[in-house]
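Here the structure is laid out as structure tokens; the discussion comes afterwards.
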Amino acid sequence: MLAHDNRLRLLEAAHRVESRTGIDPLDVTHSMAVTTDSRLELLPKSIGIGLAALAGVAALVCLRFLLEPASGPGFAATAVFVLVDVLLWLSVVACVAVARAARSRRPQNERYDDAWAQFAVEVWPAPRYQPWNGARSQGSGYSRTEFLIAVRDGVPLDAYMRRAPFTRMP
């Protein structure tokens, strides 16, 4: 019966938050999109820097091959190096474009995060972050998406009710 009470309490809190904000905090798809966008915003700093470094080195190699054809591996191999360099630079541009598109959705994502925060305050009273063993802690052992999938799939929620899930990447 406790599991049913927890589920009802969650659904009632979600309904109250949705009536105030217009956003369903239990929407798994929206939560996953927000999480994905936050990761996509980091592309230029993670993958983009590495791709740019590789593209720069490849450009220097290609430049040397083009300025001193005798020292190069031949026309066909030089053409392959140039093609790889162009593809690396296009990948850098794609990383930046994807990150900008994700960043442009930030206001919508922040609205969902605000709705989630209101929901979390209603569901997990302070102190919200409690460890599994009952000791003092500031962390959580499961993600918001994991929690939302459990709610969606009808999994018993007793283990989730002691502390709020983490919502940000470390």
Of the residues that sit in region 146-163 and are assigned to a helix (DSSP H, G or I) and closer than 17 Å to V121 by Cα, which one is modelled with the lowest pLDDT? Y160
Taking the condition of being hydrophobic (A, V, I, L, M, F, W, C) and either open to solvent by 40 Å² or more (accessible area, probe 1.4 Å) or free of Cβ contacts under 8 Å to residues at least 40 places away in the same chain (or both), how many residues in region 102-127 meet it? 3
Which is of a type in the set (V, I, T), closer than 30 Å to H30 by Cβ, in a helix (DSSP H, G or I) and touching a residue at least 40 places away in the same chain (Cβ under 8 Å), of V98, V93? V98
Of (1) open to solvent by 70 Å² or more (accessible area, probe 1.4 Å); (2) of a type outside the set (D, E, K, R); (3) in contact (Cβ under 8 Å) with a residue 12 or more places away in the chain; (4) not in a helix (DSSP H, G or I), P73 satisfies every one except (3)
Among the residues of region 50-83, write down those that are among the aliphatic types (A, V, I, L, M) and over 40 Å from the mean Cα position of the chain (by Cα). L66, L67, A70, A76
Which residues, taken from region 136-145, are within 20 Å of the chain's Cα centre (by Cα), at pLDDT below 80 and surrounded by fewer than 17 Cβ atoms within 10 Å (Cβ to Cβ)? G139, G141
For region 1-38: of the residues being open to solvent by 80 Å² or more (accessible area, probe 1.4 Å) and among the hydroxyl-bearing types (S, T, Y), which is nearest to the chain's Cα centre (by Cα)? T29
For region 1-36, enumerate the residues that are aliphatic (A, V, I, L, M), in a helix (DSSP H, G or I) and more than 15 Å from V121 (Cβ to Cβ). L2, A3, L8, L11, V28, M32, A33, V34
One residue is enough: does region 39-50 have a residue meeting the conditions out of contact with any strand residue (DSSP E or B) (no Cβ under 7 Å at 6 or more places or on another chain), polar (S, T, N, Q), assigned to a helix (DSSP H, G or I) and open to solvent by less than 60 Å² (accessible area, probe 1.4 Å)? no
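The values are calculated or read from the model by the stated rules, or taken from the named source; none is laboratory data. Predicted model only: the values in this text are computed from it and were never measured. Quick reminder, even Gly has a Cβ in these numbers, built from the backbone with ideal geometry, and neighbours come from all protein chains shown. The accessibility values were calculated without ligands, DNA or RNA, using every heavy atom of the protein model including side chains. Shrake-Rupley method; radii C 1.70, N 1.55, O 1.52, S 1.80 Å.
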